[in-house]
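*Asks:* Quick one: this structure, given as structure tokens, is what I'll be asking you about.
The values are calculated or read from the model by the stated rules, or taken from the named source; none is laboratory data. Because the structure is predicted, anything quoted here is derived from the model rather than measured. Every residue, glycine as well, gets a Cβ built from its backbone with ideal geometry; the counts of neighbours run over all protein chains shown. Accessible surface is based on the protein model in full, side chains and every heavy atom, while ligands, DNA and RNA are left aside. Shrake-Rupley method; radii C 1.70, N 1.55, O 1.52, S 1.80 Å.
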Amino acid sequence: MRVYFTSDTHFGHSGILAPRMRRPRPFASIEQHDEHLVAAWNNRVRPNDEVWHLGDFAYAASAAHCRSVFARLNGRKRLILGNHDAKRTTDLGWYSQHERAEVVVEGRRFVLSHYAMRTWDGLHRGALHLYGHSHGSLPGCGRSLDVGVDAWDWRPVTVAEILEAMAIDAARTGGPVAQAALAEAA
């Protein structure tokens, strides 16, 4: 079983494609958007894998559309609630739902939230922070990273990919001290 992380799929949200959005998504229609995200998800995630979705699964979609998309997505799905996760989302068959969570995956402690935090429990003891909400507009900072689909080619990501991106961020933002802190967290 592999574990993946993702956020801000916004299934059914045609407004996410609009030019008025700060970073409109590059799809011709919301149907194309949704189909692309489902295919990208299922191309990586197998039925026995686990996916932590860090909020905003859908927006402005019918409950029936949410159920249809959810049923097509591989894996055991867990939800961290986002600001757009209404009843149509929370009524789906999530394995678990949380406001925030702390998990250990592949020997690493992660603090999961829909929102980016500047500090979090366990920061100075090696805990890493994953978030969404910012749609790829808020860069990581060495030990904190956006796992939203906007930042990851519309797909869920693995711990290895997260750690690689964090190492690049640590080198860019903090030099040797930040890199050493990330390595020490290992």
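*Asks:* Inside the range 144-174, can you point out the residues that are modelled with pLDDT of 85 or more, buried (at least 20 other Cβ atoms within 10 Å of the Cβ) and farther than 29 Å from L17 by Cβ?
*Replies:* Within the range 144-174, just M166 meets the criteria.
*Asks:* Kindly provide the set of residues from the range 16-25 that are crowded, with 17+ Cβ neighbours inside 10 Å and assigned to a loop (DSSP other than H, G, I, E, B), ordered by number. Break it down into steps so the answer makes sense when it comes.
*Replies:* So the first thing to find is which residues in the range 16-25 are crowded, with 17+ Cβ neighbours inside 10 Å, and the list is 16-17, 25.
R25 - this is the single residue of the range 16-25 that is crowded, with 17+ Cβ neighbours inside 10 Å and assigned to a loop (DSSP other than H, G, I, E, B).
*Asks:* Just to be sure I understand the filter: pairs with C-beta atoms under 9 Å, separated by 6 or more residues or on different chains, first member in the range 31-59 and farther than 19 Å from A101 by Cβ and at pLDDT 95 or above, second member among the hydroxyl-bearing types (S, T, Y) and part of a helix (DSSP H, G or I). Which pairs pass?
*Replies:* What qualifies is H33/S14; A58/T89; Y59/T89.
*Asks:* Which numbered condition in (1) of a type outside the set (D, E, K, R); (2) modelled with pLDDT of 95 or more; (3) over 21 Å from D85 (Cβ atoms) is the only one that P26 fails?
*Replies:* With (1) of a type outside the set (D, E, K, R); (2) modelled with pLDDT of 95 or more; (3) over 21 Å from D85 (Cβ atoms) applied to P26, the lone miss is (2).
*Asks:* With the requirement that a residue be under 17 Å from F5 (Cα atoms) and either open to solvent by less than 40 Å² (accessible area, probe 1.4 Å) or not in a loop (DSSP other than H, G, I, E, B) (or both), what does the range 117-134 give you?
*Replies:* If the condition is that a residue be under 17 Å from F5 (Cα atoms) and either open to solvent by less than 40 Å² (accessible area, probe 1.4 Å) or not in a loop (DSSP other than H, G, I, E, B) (or both), then A127, L128, H129, L130, Y131, G132, S134 are the ones that fit.
*Asks:* Of the numbered conditions (1) assigned to a loop (DSSP other than H, G, I, E, B); (2) among the aliphatic types (A, V, I, L, M); (3) crowded, with 20+ Cβ neighbours inside 10 Å, L138 satisfies every one except a single condition; which is it?
*Replies:* Failed condition: (3).
*Asks:* Still on this structure, please answer the following. Do we have A63 as modelled with pLDDT of 95 or more and within 20 Å of W152 (Cα to Cα) here? Working first, answer last.
*Replies:* Details: modelled with pLDDT of 95 or more: yes; within 20 Å of W152 (Cα to Cα): no.
No; evaluated as a whole, the condition is false for this residue.
*Asks:* If you don't mind, another one. Is there any pair linking a residue in the range 72-97 that is farther than 22 Å from G15 by Cβ to one that is open to solvent by 70 Å² or more (accessible area, probe 1.4 Å) and in a strand (DSSP E or B), with Cβ under 7 Å and at least six apart or on different chains, and which?
*Replies:* Note: pairs meeting the criteria are Y95/R76.
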